[in-house]
Every structure is written in C-alpha cells, then in structure tokens.
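Below you'll find the structure, written out as structure tokens, and then a few comments.
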Amino acid sequence: MSLAPWLSPLPDAEEMRATDRWAIEEAQIPSLELMERAGEGLAAAVAGVAPHGLVVVVCGKGNNGGDGLVAARLLRAAWRDVRVLLLAAPEELRGDPAANLARLGEGGPQPRGSAGEPVHEPFSAARLHGAAVLVDCVLGTGFEGEPREPAAGAIAALNASDAPVVAADVPSGVDASSGEVAGAAVRAVATVTFAAAKPGLLVHPGKGHAGTVEVVDIGIPAPTPVAVRAGAIDGAVLDVVPPRKAGSTKFSSGHVLVCGGSPGLTGAPSMAAEAAMRAGAGYVTACVPEALQAIFAIRLLEVMTVGLPEEGAADVVLEKATRGSMVVGPGMGRLPHAEELARELARRAEVPLVLDADGLGAHAGRLEDLAGRGAATILTPHEGELARLLEVDAGDVRARRLHHAREAARRAGAIVVLKGDDTLVAAADGRVAINVLSAPALATAGTGDVLSGVVAAMLAKEVEPFAAACAAVRLHARAGQLAAVAAGSAEGVIASDVIAALPRARGG
C-alpha cells in the first residue's frame, strides 16, 4: 500500500520501528548516529523554548531516554545548566541509551553555576523545581496503554510544574500510532519528533497534548521501503481536481444532485447545493419535498429544483441520478418515511453517494447495508453521528477517533470523513489521511452541509473517491481560514461565508 504524493507519511509505531531497522541494517547508518542527530534536534528545540535558565531532562531507560541524554550532553557543552533525572537505575540501561549515559559523564565543559551538580541522579519531583524548561524523555513511540510507575508519577510531576515541557518524539502517555490517551499524559508546549511526524501527534486527544510539532531529520534516506498507512494532507491534493478549460461545459464540469430538506430545515440542502456550485460543479439539482419547492426555487437561483411527492419519491430522484454524484441527508429530517427514502436511495443509486446528517442517521446500526453498493460511498459524520452509526458511546469515539473511523470504513466498505479540528479521511483498506489545517471558523452551524456539497462536487468531476474526499476536506478547511480573515475573526464566520470563500481557497 503506497501513499499518494500529496500525503506526507505519518508512520505508526510499528512502521517507524521497521523504518529504523531498515536504516540501520540496510542503509548501514549506525543507530548511535541516528540517536545523536535526534538529540541534536531536541537540544536545539529546547534552547529555542528556553534560551536561558535551568534545563531538567527526565529520562526513561529506553531509546527515548537515550535521545534525552544526548540532548543533555550537548546542552551542557553549550554551557547550559542541565539536570538529568533518571527513572531507572543506571545499570538498567542497555544499548545506545547506556552508551550515551556513559558519554554524559565523559568530562567536557561544566556549565557556570552548576558546581556540585551530579552528572545524573534518580528522579524526584522536587528536583523539577527551578527549571526554565522540562524535557520529557520518559516514554517513546512504542508505548501504548496506561502508564505504570515510575512513569505515571513522573508524568504527573511534569504536568504539575509551572515550567514549559518539551516532549521528545511523543508526549509520554500518548499513543503515537493513534493519539489515544488511556491514562495520564504529558501536556507539552512543543514536541520534537524524529524522522517523521506520527499519527498520534495530529489526532485528538493526542494532538491536544503535543503542542507545536517539529519534525527533525535524523538522516534516514528517502524513500524507504516501509509501507505507511497514514498521511497528512498537503495542499497539492487540489491539483488532482480538473480545472475548467476553454472547451468545458456544465456537463463536463459535473452534475450534483442534493436530496434533503423538510419543514424548518431548508437551509441545510440549500447550503450543500450552493457549496457544490462554488466548488466547481457544472450544475446542481435539488430534490426537495414538493410542498417546499417554491421556497427552494426562490432561494437557489443557480440550482434546479425538483419537487418530491410523498409516494414514489425515490423513483423521482433516481430518474435524475444518471450521472455525476448525489448528496443524501441534509435537512431531510428523522421521520420514518424520510429515513426509508435515504436507505432506498443508498441501496438503488448507481452514482457516487455522499451521506450526511439525517442520511447518516437513517443508517445507524446498519453500516453493513452500504457495503454492497456498486458505486463509491462517502460518509461525513461528526463524532456523535459516528457513534450512532457504530452503536457506541460518543465519548468512546472521542477517545479513539482513528480506531472508530477505520472501523466504520471497513464495515461500510466506504470512505469515512470524521469531522473535527483533525478531520480524518479513512478508507476501507486502512488508509487514513489527516487534515492539518486548523480552521476554528468551521465550528458553526451549516459548515458540515457545506462540506458534503464540496465532496459531491469533487466526485462529480470524476476524481478518485479517496482523493476527492481529501481534496474536499482541504478546500473546506482553507475556505474556513479565508472566511475568518475576511470576517475579521473566526467567531464572526457563518456557513455562507465559507461557501463564498471556496473559489479563492482553490489556491491551496
């Protein structure tokens, strides 16, 4: 499984171990050299956070601790006052960490004002006092589960300190592969991660512990033969979307059909339709309840409308769904006849389908019903909607976002776009793309409907479905950023502002 060129690889713990192994055994790079470069990058970042004052480095007995020992030695060589606290007895260290512990005490310059300071000492929470910066080198990328003592106590002490914390590779207590936090976890102002960022640094709740993430090149040559399943979405993804050319027509630009709407919920399908137009669809048809068609006809000047009768609505919609893509769900409501319409359209439609809002609700506990579809299916839930689809608690989805997005994609044979500050695009084969553009302006009603329209526009242009979802997520986030600039603040943005910003967002 290879990642698209517009995804920056995010190796999980197993993939990173395989990459390190390849670098050492096949590329013939000494492991001590890799650790030295990691420590150099860590030392530089620590100096950037706190140019002056006491540095306290807390080291476990694994390679993460070894990185900290290198950083401590280099900072002392730069005449910084450094205190090294070990969570294990020195004789428990093995391999490269043991070698760097020995090097830590090999003479060299002593920082001014540190007379009588030992080369290293056992960890004590009291010895964090007076630090200008703390360096978390307790647990590394191989950690999963809940921290045990003495690591748990060290994490609690680091979090209780007023000094900023810089984490090495991953904040201790965060699962580097998933972002899950099962117990205590360090809250860092910055994380210096080695060779490549890890998924857990970009996915909540781990993302909330990582602070600013800096990737340090430790000299592993690219490309490596290790297959990586997750990647960060780059702006280059928008290059996969075909632009309009001189000979383009509304038909070649793609047709989007939006099915939704109910009394009191006319805004959602309207925004999905308008977003599809602004994202480049050639023409859009809104299939809405017959009794509400006049409202939509007035509101949507550039969109065709079709009134749906109470009986036989699915046949009317499917007669129009002969090309392009379809959005089902915005504002549809949760009455039994509306839910049955959503399910029937999903069963029978032969075009790529985006299920959002009430279209998702109609499939709660029925994910496997979607697996037999012949055309692409993209689901765009928030955490609560995904919880209902999977019949689990919303808090569990929040705690294990990556796991549940992959699980839903696998069960539905679909692409799942789990919305949030760290929007995830999960494919049924296990691939995951992560949005890294922060857009707080999107935290307002209607922006989910906007996203569903953008996704449908990408599908209507016959972009490969996984790439279409990633391009839509990137375009949507960038439009949110631009809308906030135009409005003067994220708080002032409404969904229609995001729609208006979509054309400008195509620049990346």
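The values are calculated or read from the model by the stated rules, or taken from the named source; none is laboratory data. All figures in this text were calculated on a predicted structure; none of them were measured in a lab. Heads up, the Cβs are rebuilt from the backbone with ideal geometry, glycines too, and the neighbour counts pull from every protein chain shown.
Residues of region 386-438 that are within 29 Å of Gly374 (Cβ to Cβ), basic (Lys, Arg) and part of a loop (DSSP other than H, G, I, E, B): Lys419, Arg431. With a requirement of 1 or more residues that are touching a helix residue (DSSP H, G or I) at 6+ places or on another chain (Cβ under 7 Å), surrounded by fewer than 17 Cβ atoms within 10 Å (Cβ to Cβ) and of a type in the set (A, V, I, L, M), the helices (runs of 4 or more DSSP H) lying completely within region 1-99 that satisfy it span 13-25, 31-49. When Val228, Val203, Val215 are checked against the criterion of being surrounded by fewer than 17 Cβ atoms within 10 Å (Cβ to Cβ), under 21 Å from the mean Cα position of the chain (by Cα) and among the aliphatic types (A, V, I, L, M), a single residue qualifies: Val215. Within the option set Leu301, Leu345, being closer than 21 Å to Ala273 by Cβ and buried (at least 21 other Cβ atoms within 10 Å of the Cβ) holds for one residue only, Leu345. Checking each residue in region 156-177 for being on the phi < 0 side of the Ramachandran plot, crowded, with 24+ Cβ neighbours inside 10 Å and assigned to a loop (DSSP other than H, G, I, E, B) picks out Val170, Pro171, Ser172, Val174, Asp175, Ala176, Ser177.
Just a yes or no: is a residue in region 390-397 within 26 Å of Leu10 (Cβ to Cβ) and of a type in the set (Gly, Ala, Ser)? Yes, region 390-397 has at least one match.
A residue that is over 22 Å from Glu462 (Cα atoms) and either within 33 Å of the chain's Cα centre (by Cα) or surrounded by 21 or more Cβ atoms within 10 Å (Cβ to Cβ) (or both) occurs somewhere in region 280-289. Here is the figure for region 114-168: residues that are modelled with pLDDT of 95 or more, among the polar types (S, T, N, Q) and farther than 29 Å from Ala196 by Cα total 1. Selection within region 290-331: residues that are without any contact (Cβ under 8 Å) to a residue 12 or more places away in the chain and within 17 Å of Arg347 (Cα to Cα). The member of this set that is farthest from the chain's Cα centre (by Cα) is Gly312.
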